[in-house]
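> Questions regarding the structure given below will be posed in turn.
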Amino acid sequence: MPLNIIVGAQWGDEGKGHITDLLAAEASIVARYSGGDNAGHTVAISDETYKLHLIPSGIIHPGVLCLVGNGVVLNPAVFVREMNGLAERGIDVSARRLKISYKTHLITPAHIALDKARELERGNEAIGTTLRGIGPAYTDKARRTGLRAGHFADKEALADAVYEHIVESNKTLQNLYQMEPLDAEKIAAEFTGYADRLAPHLCNVDLVIEKAIEEGKPVLAEGAQGTLLDIDHGTYPFVTSSAPTAGGALTGLGIGPKHVDRIVGVAKAFTTRVGGGPFPTELDGDAASRLRGTGENPWDEYGTTTGRPRRVGWLDLVILYHARRVNSLTEFVVTKLDILSGFDEIPVCVAYEFDGERIKHIPADLDQLGRCRPVYETVPGWQEDIMQARRLSDLPANARRYVDFIAEKTGVPVSYISVGPAREQFIVQG
Ligand code: IMP
């Protein structure tokens, strides 16, 4: 069956770029379906590391067609910069292999200014957004006042629409947030420049995918962020403004569920999150420093987009039960197992204790989630460095046991294990 979906099973940063890169080798299309340049997908190939924010990770594979779906919000400045960076490194980013849906919404400087203003106003209650204008762009989409990539096809209409949008946004920026107005004329001119560059990339993503599926060509839907950042199924309001879950893949690309085959949930072997909100298994102290790393390596736990140190904690299976349910996961990919080397024992959260009761779901109410205490089962650790392991049998018995524990508890098989940032540091578990 031709449509496979990759979703983040936790709070984002699970290593989706890595597995997308691996599965893209067998795909004819890789399509991003949600989020924007708040995402940061790292793909490491030999000595080369690619950090992608908007362009699908499949772009590294020469034969793959890359699509940006209607569910994405696209900052054209970032997109063009990313295209240029890839082109300089010899990667083909021509309109032949990189396409944008007419229906993709655009992020403008006004959205970014509003994101910053709203976060500042929230003070201690700030969501900790990436300040990329994501929330305001989706707000405009829902208010039916957004700008879409389709505007690039008509420069005059685009200039007018951008001008009006900035003038309108300036009212809010000035009157509500006492901020300086943005230069509507300058931004409108800037956007007409992007139109020259991006109009040839426009297409009907849903039609392209439908045709590929009819021809039996495999399509890979690449998720961004993670299940717990989903606007509906995440830890609201500490979420992003889109649907990173499997349902979001369908609405974000314009395809129904009947073609879906695999729904691959990517989960780190421990848990991380960036920004505010409850985090039941959060750690500090020595264990946290070990899980986070020093920041010297690109794969340490510091934001790819913002550079912020990530909050870290033990693996929380209640989150993975939630991800299994919300996404109908067919399998897990467990990433960064190598980081757990050297612990004598590893606590894994298997349930929460909430007001004296043991529960295995995430309460919808955030205050209630804040009151949940993790119930741990302890799994024996291993001391060996496992970064060179390429087969399951190369792993120490306790590392295999850890992975089996995840599969047994969640009832979802683990199909891949990553043991390092490089393309080849993957174990395929049949
Ligand atoms: P926004 O998407 O920039 O509005 O941020 C909303 C929340 O989602 C914040 O807590 C961000 O830290 C988080 N977030 C957004 N994108 C990512 C991501 O790619 N990885 C991890 N967290 C993210």
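Each row is one residue, and each column tells you yes or no for (1) within 21 Å of TYR352 (Cα to Cα); (2) more than 10 Å from the ligand (Cβ to nearest atom).
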{"position": "SER242", "(1), (2)": "no, no"}
{"position": "ARG262", "(1), (2)": "no, yes"}
{"position": "THR281", "(1), (2)": "yes, yes"}
{"position": "ARG292", "(1), (2)": "no, yes"}
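> Here is a follow-up. Any residue in segment 293-305 that is of a type in the set (D, E, K, R) sitting within a Cβ distance under 6 Å of a residue that is at pLDDT 80 or above and open to solvent by less than 20 Å² (accessible area, probe 1.4 Å)? List the pairs, counting only those 6 or more apart or interchain.
Cβ pairs passing all conditions: GLU301/THR272; GLU301/ARG310; GLU301/VAL312.
> Would you mind telling me which numbered condition in (1) more than 15 Å from the ligand (Cβ to nearest atom); (2) in contact with a Ser or Thr (Cβ under 7 Å, 6 or more places away or on another chain); (3) in a helix (DSSP H, G or I) VAL333 fails?
Failed condition: (3).
> Of all residues in segment 120-153 being open to solvent by 80 Å² or more (accessible area, probe 1.4 Å) and of a type in the set (Asp, Glu), which is farthest from the ligand (Cβ to nearest atom)?
Let us first name the residues in segment 120-153 that are open to solvent by 80 Å² or more (accessible area, probe 1.4 Å), namely 120-122, 124-125, 143-144, 148.
Subset that is of a type in the set (Asp, Glu): 121, 125.
Values: GLU121: 15, GLU125: 12 Å.
Step by step, filter segment 120-153, then rank; the result is GLU121.
> Okay, moving on. If I ask for residues that are of a type in the set (D, E, K, R) and surrounded by 13 or more Cβ atoms within 10 Å (Cβ to Cβ), which ones from segment 386-430 would you list?
Here is the first cut: in segment 386-430, the ones of a type in the set (D, E, K, R) are 390-391, 394, 400-401, 404, 408-409, 423-424.
Across segment 386-430, the qualifying residues are ARG390, ASP394, ARG400, ARG401, ASP404, LYS409, ARG423.
One line per residue, one yes/no per condition, for (1) touching a residue at least 60 places away in the same chain (Cβ under 8 Å); (2) of a type outside the set (Val, Ile, Thr); (3) in a helix (DSSP H, G or I); (4) closer than 27 Å to ALA224 by Cβ:
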position: GLY128; (1), (2), (3), (4): yes, yes, no, yes
position: ASP140; (1), (2), (3), (4): no, yes, yes, yes
position: LEU158; (1), (2), (3), (4): no, yes, yes, yes
position: TYR163; (1), (2), (3), (4): no, yes, yes, no
position: GLN178; (1), (2), (3), (4): no, yes, no, no
position: PRO181; (1), (2), (3), (4): no, yes, no, no
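> May I ask you to say which residue of ALA212, ALA224, ALA287 is buried (at least 23 other Cβ atoms within 10 Å of the Cβ), among the small types (Gly, Ala, Ser) and not assigned by TED's automatic domain parsing to the domain that holds ALA137?
Matching residue, one of ALA212, ALA224, ALA287: ALA224.
> State which residue is modelled with the lowest pLDDT when the search covers only segment 300-310 and only residues that are within 14 Å of the ligand (Cβ to nearest atom) and within 16 Å of ALA269 (Cβ to Cβ).
Taking the candidates together, the pick is GLU301.
> Report yes if some residue within segment 305-322 is of a type in the set (S, T, N, Q), assigned by TED's automatic domain parsing to the domain that holds GLU48, within 17 Å of the chain's Cα centre (by Cα) and open to solvent by less than 20 Å² (accessible area, probe 1.4 Å); otherwise report no. Walk me through how you get there before you give the answer.
If we filter segment 305-322 for residues that are of a type in the set (S, T, N, Q), which is where we start, we get 305-306.
Of the ones still in play, those that are also assigned by TED's automatic domain parsing to the domain that holds GLU48 are 305-306.
Adding the requirement that they be within 17 Å of the chain's Cα centre (by Cα) leaves 305-306.
From what is left, the residues that are open to solvent by less than 20 Å² (accessible area, probe 1.4 Å) are none.
Looking through segment 305-322, none of the residues is of a type in the set (S, T, N, Q), assigned by TED's automatic domain parsing to the domain that holds GLU48, within 17 Å of the chain's Cα centre (by Cα) and open to solvent by less than 20 Å² (accessible area, probe 1.4 Å).
> List every residue pair whose Cβ atoms lie under 7 Å apart, where the two residues are 6 or more positions apart in sequence or sit on different chains, the first residue falls within segment 232-256 and is under 22 Å from ARG273 (Cα atoms), and the second residue, located anywhere, is in a helix (DSSP H, G or I) and more than 16 Å from the ligand (Cβ to nearest atom).
Going by the 7 Å Cβ cut-off, the qualifying pairs are HIS233/VAL326; ALA243/THR251; THR245/VAL326; THR245/ASN327; ALA246/ASN327.
> How about segment 19-51: which of its residues are within 16 Å of the ligand (Cβ to nearest atom), surrounded by fewer than 20 Cβ atoms within 10 Å (Cβ to Cβ) and at pLDDT below 85?
THR42
> Same structure again: With the condition kept exactly as written, say whether any residue in segment 91-99 is in a strand (DSSP E or B) and open to solvent by 40 Å² or more (accessible area, probe 1.4 Å). Spell out how you get there, then give the answer.
Applying the first criterion (in a strand (DSSP E or B)) to segment 91-99 yields 98-99.
Checking which are open to solvent by 40 Å² or more (accessible area, probe 1.4 Å) leaves us with 99.
Looking through segment 91-99, at least one residue is in a strand (DSSP E or B) and open to solvent by 40 Å² or more (accessible area, probe 1.4 Å).
> Of these, GLY69, GLY35, GLY133, GLY63, which one is in contact with a strand residue (DSSP E or B) (Cβ under 6 Å, 6 or more places away or on another chain), in contact (Cβ under 8 Å) with a residue 12 or more places away in the chain and not polar (S, T, N, Q)?
Values: GLY35 fails: in contact with a strand residue (DSSP E or B) (Cβ under 6 Å, 6 or more places away or on another chain); GLY133 fails: in contact with a strand residue (DSSP E or B) (Cβ under 6 Å, 6 or more places away or on another chain); GLY63 fails: in contact with a strand residue (DSSP E or B) (Cβ under 6 Å, 6 or more places away or on another chain).
Criteria check complete, one pass: GLY69.
> Assess whether ALA117 counts as being surrounded by 23 or more Cβ atoms within 10 Å (Cβ to Cβ) and in contact with a Leu (Cβ under 9 Å, 6 or more places away or on another chain). It would help to see each step written out before you state the result.
Working: surrounded by 23 or more Cβ atoms within 10 Å (Cβ to Cβ): no; in contact with a Leu (Cβ under 9 Å, 6 or more places away or on another chain): yes.
Judged against the criteria, ALA117 is not a match.
The values are calculated or read from the model by the stated rules, or taken from the named source; none is laboratory data. The shown structure was predicted, so the numbers you read here are calculated from the model rather than taken from an experiment. Methodologically, a virtual Cβ is constructed for each residue, glycine included, from the backbone with ideal geometry; neighbour enumeration extends over all protein chains shown. Keep in mind that these areas ignore ligands, DNA and RNA; they rest on the heavy atoms of the full protein, side chains included. Shrake-Rupley method; radii C 1.70, N 1.55, O 1.52, S 1.80 Å.
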